[in-house]
Structure formats: structure tokens, C-alpha cells
Amino acid sequence: MRPLAIDLFCGLGGWTEGLLAEGYYVVGFDNERHVYGEAKYPGQLVIQDVLTLHGSQFKDAALIVASPPCQEYSYMAMPWSGAKNIAAEYRSGVRDVAKLTALFDACFRIQREASEAAGHHVPMVVENVRGAIPWVGRSRWNFGSFHLWGDVPALMPMTKPRAKVGGIDFNGFKNGKGTSPAFNDTRHAAYGIKTVGHGHTRHQASGNSISRRCSSKSKARKHAAATIAKIPFVLSQHIARVYYPERVA
């Protein structure tokens with residue numbers, strides 16, 4: 001039997017692609033089915049809000065991975081007066097920090113419940129953006145703009161520095177042609193803004209052509225945001241290899 005992996009806030013399945021390549025059976029959870037032409041989630045998908053899950057149902061999992069959305073983390077990291085005001089309201093208690101971190105905290109609750117039900121530690125790796133650090137604590141590693149918390153292995157792949165770019169070539173998405181070189185550079189160079197609710201991972205470069213050229217609800221924009229959010233294959237495959245049960249044993 002293949003080892004079971006759980007992908008929370010799975011989006012287009014960046015985590016899942018690496019897990020599948022290493023031989024895992026993967027179940028992803030999201031509150032929306034992402035299908036954009038040929039781009040879609042590659043594993044078994046359950047449409048469910050992650051906040052409603054109880055970790056005991058994952059007691060047989062070999063690994064849990066997660067990419068909770070974090071629009072406000074990213075926004076508050078920007079050098080804008082509005083962003084600074086929101087951060088100040090959280091720090092002063094005007095806004096509830098528990099609500100800000102609820103999705104991130106849910107991942108570790110689920111891990112704790114899974115481990116208690118299993119009778120042993122179930123490893124978990126959580127991905128988020130750098131802007132989350134002031135609110136959830138320092139990340140243990142980062143792969144470009146992808147910051148990691150949880151059971152992050154000691155030895156991790158490295159990224160090469162990339163030059164910042166001014167925006168994203170959005171025409172490729174409008175025409176169904178996929179990503180452009182500028183798009184791939186932006187994913188590693190920008191903070192990334194995760195733009196929607198509980199089940200999604202959406203990174204969007206601040207001030208880029210997506211926000212200028214189409215509505216927030218357009219399918220093209222959702223495709224672009226979901227693609228930027230995807231965990232790089234080299235990263236997901238590395239984590240999958242480290243925690244494959246035979247290798248752990």
C-alpha cells in the first residue's frame with residue numbers, strides 16, 4: 001500500500017505533484033475545485049472547509065502538508081499607510097489576532113489531533129509567506145518566497161537569487177497559454193498576496209498587471225493567482241522523499 005499524504009488548502013496541487021511523484025496516495029482538501037483548461041488538482045480532492053476538519057481522521061497519514069491563505073499577512077508587510085494601520089490595529093487589540101491566525105493555527109490543531117489518534121507523531125510542513133512571520137513566529141526555512149514551518153528537514157534545496165521584475169505578462173493566461181518567464185520570476189521575487197478564503201492558496205504580486213487588467217472574480221485571475229501559489233516541484237518532491245516511511249525507518 002502507498003503511504004497516505006494529506007494536502008490542506010491544496011489549490012492546484014503543488015505539494016501533491018511532488019508527493020505523487022514519490023509514490024504517495026494523496027488526498028487534498030479545498031473549498032473550491034480549481035480547473036483552468038488542462039490545469040487542475042492532480043490527486044483525490046475533497047471539497048470541504050479545512051476549519052471543519054478533525055485531525056483524527058488523518059491518523060493513518062504519513063505526512064500532512066498545508067498552504068493556508070494569508071491575504072492580510074502579505075498586505076500588512078507592504079510599506080503602505082493602510083497596511084501599517086491594519087497591523088497597528090492587530091497589535092493594539094482593535095482587531096482580533098486569533099482570527100488573523102485561525103487558518104494557520106488550524107493546521108497545527110489538525111496535526112495534534114492526528115498524532116493523538118495515531119499514537120505517534122505525524123509530521124507536517126506548512127507553507128506561507130514572509131509577511132506571516134511577525135504573527136505566527138519565525139519560519140524554519142524558506143525556498144525563495146515560500147516560507148516553511150513545522151517539521152522542516154535540516155537539509156533543504158536552495159534557490160538561486162532572481163531579479164525582481166516589474167509585473168506579470170498576463171496575456172498568456174488570457175489566451176490559455178500558461179506562464180511567462182516574468183511570471184515565474186515574480187513568484188520568487190515578490191511577497192505574494194493570498195487573496196481568498198479558507199480553502200485556497202492564492203499568491204498575487206502586489207501592484208501587478210493582474211489587479212489592473214481584470215476583475216478579482218475572473219477565471220483568468222484565479223488561474224494566475226493559483227499558479228503563482230503552487231509549491232515548486234523540487235521543494236515538494238524533496239519533502240516527500242524525506243518523509244517517505246521506508247526512508248524514515
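Numbers for the structure displayed
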| quantity | calculated |
| --- | --- |
| Accessible surface, segment 24-97, averaged per residue in Å² (probe 1.4 Å) | 49 Å² |
| Rounded, prolate or oblate (a/c below 1.5 giving rounded, otherwise prolate when a/b exceeds b/c) for segment 1-68 by Cα gyration tensor | oblate |
| Rounded if a/c under 1.5, otherwise prolate or oblate - segment 1-159, Cα gyration tensor axes | prolate |
| J(HN,Hα) series, segment 140-157, from Karplus relation 6.51 cos²θ - 1.76 cosθ + 1.60, nearest Hz, glycine and proline x | 8, 6, 9, 10, x, 8, 8, 8, 10, 10, x, 8, 7, x, 5, 9, 10, x |
| Lys, Arg +1 and Asp, Glu -1 on Cβ, resulting dipole of segment 1-142 about Cα centre, debye, nearest 20 | 440 debye |
| 22 Å Cα-Cα threshold exceeded, pairs from 40/219; 40/222; 59/230; 84/230 | 59/230; 84/230 |
| Cut-off under 5 Å, modelled amide H: who pairs with residue 64 long-range | 6, 124, 125 |
| Amide H within-cut-off set for residue 28, under 5 Å, with H built and near neighbours excluded | 7, 44, 45, 46 |
| Part-to-part distance (alpha-carbon centres) for segment 38-110 and segment 127-146, which is given in Å | 12 Å |
| By average C-beta atoms within 10 angstrom, highest first, the peptides 2-9, 151-158, 24-31 | 2-9, 24-31, 151-158 |
| Karplus-derived 3J(HN,Hα), 6.51/-1.76/1.60, for each residue of segment 111-117, Hz, glycine and proline x | 4, 4, 5, 5, 5, 5, 6 |
| Which of 34, 121 is most accessible, then next, and so on - probe 1.4 Å | 121, 34 |
| Ranked packing of 78-88, 122-132, 48-58, 102-112, most packed first, by mean Cβ within 10 Å | 122-132, 102-112, 48-58, 78-88 |
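The values are calculated or read from the model by the stated rules, or taken from the named source; none is laboratory data. Keep in mind it's a predicted model, so treat the numbers as computed, not measured. Glycine gets a Cβ as well: all are built from the backbone with ideal geometry, and neighbour counts include every protein chain shown. Areas reflect the complete protein model, heavy atoms only, side chains present, ligands, DNA and RNA absent. Shrake-Rupley method; radii C 1.70, N 1.55, O 1.52, S 1.80 Å.
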